[in-house]
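Peer 1: Please read through the structure below; I'll follow up with questions.
The values are calculated or read from the model by the stated rules, or taken from the named source; none is laboratory data. Note that the structure is a prediction, hence the values are computed from the model and not measured. Using ideal geometry, Cβ is built from the backbone for each residue, glycine included, and neighbour counts are taken over all protein chains shown. To get the accessible areas, we keep the full protein, side chains included, count just its heavy atoms, and leave off ligands, DNA and RNA. Shrake-Rupley method; radii C 1.70, N 1.55, O 1.52, S 1.80 Å.
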Amino acid sequence: QVQLVESGGGLVQPGGSLRLSCAASGFTFSTYVMNWYRQAPGNQRELVAVIRTGGSTDYADSVKGRFTISRDNAKNTVYLQMNSLKPEDTAVYYCNAFVYDMHYWGKGTLVTVSS
């Protein structure tokens, strides 16, 4: 079955960096678009970054120039490098894929940006 497992969250000071990872299994990873979403307390889940099968990417305006999404098809893993973190980046970050006509989500990893 499709599984997505995030890791790499934690507490970081403003201006710091974190790299999130999402290990995927149960589908042919290289042939699917992969996404990172986030959800802050009291807010709706929002799309943060997208990486397509050919490697092209898109980002939410709020993270452009600070976050980088990448993928390693040999490891079935998608990454989110987050630099220059701000308190408003605090959220649970989720990995997402639309596979076999269904959305699949990981359990999420918490990122807290605070001094």
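Peer 1: In this structure, does PRO41 turn out to be modelled with pLDDT under 95, of a type outside the set (Asp, Glu), under 26 Å from SER114 (Cβ atoms) and open to solvent by 50 Å² or more (accessible area, probe 1.4 Å)?
Peer 2: Working: modelled with pLDDT under 95: yes; of a type outside the set (Asp, Glu): yes; under 26 Å from SER114 (Cβ atoms): yes; open to solvent by 50 Å² or more (accessible area, probe 1.4 Å): yes.
Yes, satisfied.
Peer 1: Quick one: which residue in ASP101, ASP61 is at negative phi, open to solvent by 80 Å² or more (accessible area, probe 1.4 Å) and without any contact (Cβ under 8 Å) to a residue 24 or more places away in the chain? Even if it seems obvious, please write down each step before you answer.
Peer 2: Details: ASP101 fails: at negative phi.
From the options ASP101, ASP61, the qualifying one is ASP61.
Peer 1: Something else: May I ask you to list the residues in region 21-35 that are surrounded by fewer than 14 Cβ atoms within 10 Å (Cβ to Cβ) and part of a loop (DSSP other than H, G, I, E, B)? Break it down into steps so the answer makes sense when it comes.
Peer 2: Initially, region 21-35 is screened for residues surrounded by fewer than 14 Cβ atoms within 10 Å (Cβ to Cβ), giving 25, 28, 30-31.
Within region 21-35, THR28 is the sole residue that qualifies.
Peer 1: A further question follows. Of the conditions (1) under 17 Å from LEU110 (Cα atoms); (2) open to solvent by less than 20 Å² (accessible area, probe 1.4 Å), VAL92 satisfies every one except a single condition; which number is it?
Peer 2: The single condition VAL92 does not satisfy is (2).
Peer 1: Of all residues in region 21-48, which are touching a residue at least 24 places away in the same chain (Cβ under 8 Å), under 21 Å from GLN1 (Cβ atoms) and among the β-branched types (Val, Ile, Thr)?
Peer 2: VAL33
Peer 1: Oh, and also: So the check is Cβ under 6 Å with 6+ separation or different chains; which pairs have a first residue in region 9-20 that's closer than 9 Å to VAL111 by Cα and open to solvent by 20 Å² or more (accessible area, probe 1.4 Å) and a second one that's of a type in the set (S, T, N, Q) and in a strand (DSSP E or B)?
Peer 2: Listed by first residue and then by second, the contacts come to GLY9/THR109; LEU11/THR112.
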